[in-house]
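A short worksheet on the structure shown next.
The values are calculated or read from the model by the stated rules, or taken from the named source; none is laboratory data. This structure is a prediction, so every number in the text was calculated from the model and none was measured. Cβ placement follows ideal geometry from the backbone for every residue including glycine, while neighbour counts extend to all protein chains displayed. Ligands, DNA and RNA are excluded from the accessible area calculation, which covers all protein heavy atoms including side chains. Shrake-Rupley method; radii C 1.70, N 1.55, O 1.52, S 1.80 Å.
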Amino acid sequence: MPLMNSQINEIRKRYSVDELKESANIMRGYDLICLAAAGSGHAGGTLSIMDITAALYLHVARLDPEDPEWQGRDRIIWSVGHKAPSLYLGVGMAGYFDVKDVVTLRKLGSPFQGHPHWLKLPGVEASTGSLGQGLSIAVGMALGLRLEKSDARVFCIMGDGEQQEGQIWEAAMEAGHYKLDNIVAIIDKNRLQIDGWVKDVMNVDPLFEKYRSFGWEVFVVD
């Protein structure tokens, strides 16, 4: 039987801050094992997002592993599709499947592909990997949920290099225009992208001031 909303919230509350830190470190260990077994992948990006992954999947987001399509669930969009191992580990730790199965990452026939594919794995909300598109998907979902009068939220995980994409700012403007209060954009500002330092490839700062200018409420977290 699918969990009720109150039961799901109780499960999330079992994780203290110390337990979330411990879970994030366990997930980092699994991440390195999976990348080593695959012989490829993005170590830096998957490791830098792991604290956020643990907090989101184990404490904050309302999810039901027994009913992945539950209409009341929170939606989590990984615009940074190359950080898929972190997504898989978060979903696995949340109880959707045995987290140790992620060791088949990038293997032929594995549901744990190099970029997430929503048709292959429960808990994945969108197929992503072409950077700059995730926030548009998230804004569309948030608008749809508001039309349905749902209290579900949409979380969108992005990188700072990704902020160089023009589509990001179209979506940011749209969210501000419609005053969406059911969407949370999370930017993993690790200062690096595949071509080098973000500031050298195309500087996106002052990043947080730009979002504020589009009407977003911005919090900076270390």
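With every protein chain kept in the model, how would you rank E170, E125 by accessible area, 1.4 Å probe, largest at the top?
The residues order as E170, E125, largest area first.
So what does R191 come to for accessible area, using a 1.4 Å probe and Å² rounded to 10?
R191 has an accessible surface of roughly 140 Å² with all protein chains in place.
Given only helices, namely DSSP H runs of n ≥ 4 each adding -39500 (n - 2.57), what is the per-residue ellipticity at 222 nm of the chain, to the nearest 500 deg cm²/dmol? Mind dumping the intermediate values first?
Numbers: 9 runs with 91 residues, N = 222.
Theoretical 222 nm ellipticity from helices: -12000 deg cm²/dmol.
Please list, short to long, the whole-number percent of alpha-carbon pairs of region 170-222 in consecutive 10 angstrom bins beginning at zero.
21, 47, 28, 4
With all pairs of different alpha carbon atoms counted, what Kirkwood hydrodynamic radius in Å does region 22-113 show?
Values: mean 1/r = 0.0752 Å⁻¹.
Kirkwood hydrodynamic radius for region 22-113: 13.3 Å.
If you add up the charges near G39, with Lys and Arg at +1 and Asp and Glu at -1, over every other residue whose beta carbon is less than 11 angstrom from its beta carbon, what do you get? Walk me through the numbers on the way to the answer.
On the way: positive: R106, K107; negative: none.
Here the count lands on +2.
Between Y211, Y30, Y96, find the one with the highest GNM mean-square fluctuation for the chain; connect C-alpha pairs within less than 10 Å.
Y211
Among E174, E209, E162, what's the order by accessible area (1.4 angstrom probe), most exposed first? Provide the component values of the computation, followed by the final result.
Numbers: E174 75, E209 100, E162 5 Å².
My answer, sorted largest first, is E209, E174, E162.
Provide the percentage of antiparallel DSSP beta bridges, counting only those with both residues in the chain; round to the nearest 5.
Working: 2 of 12 bridges.
Counting DSSP beta bridges with both partners in the chain, the antiparallel share is about 15 percent.
Using a simple spin-label model with points 7 Å from Cα along the Cα→Cβ vector, what separation in nm is obtained for S130 and Q71?
Label-label distance for S130 and Q71, simple model: 3.1 nm.
With the cut-off at 1.5 for a/c, could you classify region 111-222 from its C-alpha gyration tensor as rounded, prolate or oblate?
Details: a/c = 2.09, a/b = 1.13, b/c = 1.85.
Oblate, because a/c is 1.5 or more while a/b does not exceed b/c.
What does the C-alpha gyration tensor say about the overall shape of region 62-168? Classify as rounded when a/c is under 1.5, otherwise prolate if a/b is larger than b/c, or oblate. Please report the intermediate quantities before stating the final value.
Numbers: a/c = 2.28, a/b = 1.15, b/c = 1.98.
Cα axes put region 62-168 in the oblate bin.
How high is the FRET efficiency from D200 to W169, r the C-beta distance, R0 25 Å, rounded to 0.05? Can you show the working numbers first?
Numbers: r = 21 Å, r/R0 = 0.83.
The value I calculate is 0.75.
Using Cα pairs under 8 angstrom and six or more residues apart, how large is the relative contact order of the chain, in percent?
Values: 344 pairs, mean separation 38.1, N = 222.
It comes to 17 percent, rounded to a whole number.
Between K149, K179, K21, which gets the highest mean-square fluctuation from a Gaussian network model of the chain, Cα cutoff 10 Å?
Result for the chain, Cα springs under 10 Å: K149 fluctuates most.
Hey, can you grab everything whose amide H is under 5 Å from the amide H of I187? Only 5+ residues off in sequence or another chain; H modelled, so Pro and N-termini drop out.
Result for I187 returns M158.
Rounded if a/c is under 1.5, else prolate if a/b is larger than b/c, else oblate: which is the chain, with a ≥ b ≥ c the root eigenvalues of its Cα gyration tensor? Kindly include the intermediate steps, with their values, before the conclusion.
On the way: a/c = 1.57, a/b = 1.10, b/c = 1.43.
Oblate, because a/c is 1.5 or more while a/b does not exceed b/c.
Place a point 7 Å from the Cα of N190 along the Cα-to-Cβ direction; which residues of region 138-161 have their backbone N under 19 Å from it?
156-161
Please give the per residue accessible area of the chain, computed with a probe of 1.4 Å over protein heavy atoms only, in Å².
Working: 11520 Å² over 222 residues.
For the chain, the solvent-accessible area averages 52 Å² per residue.
How far apart, in nanometres, would the label points at A37 and W118 be if each is projected 7 angstrom from Cα along the Cα-to-Cβ direction?
2.7
Summing +1 for each Lys or Arg and -1 for each Asp or Glu, what net charge is found among the other residues whose Cβ lies under 12 Å from the Cβ of H115?
Numbers: positive: K83, R106, K120; negative: none.
Net charge around H115: +3.
With all protein chains present and a 1.4 Å probe, how do W78, W169, W197 order by accessible area, largest first?
Details: W78 10, W169 50, W197 110 Å².
So, going from the largest accessible area down, we get W197, W169, W78.
May I ask which of K83/K107; K21/K100; K120/K179 have a Cα-Cα span longer than 24 Å here?
On the way: K83/K107 16 Å; K21/K100 19 Å; K120/K179 33 Å.
Long pairs (Cα-Cα over 24 Å): K120/K179.
Can you give me the distance in nm between label points at E148 and V103, each placed 7 Å from the Cα along the Cα-to-Cβ direction?
Distance between label points: 3.7 nm.
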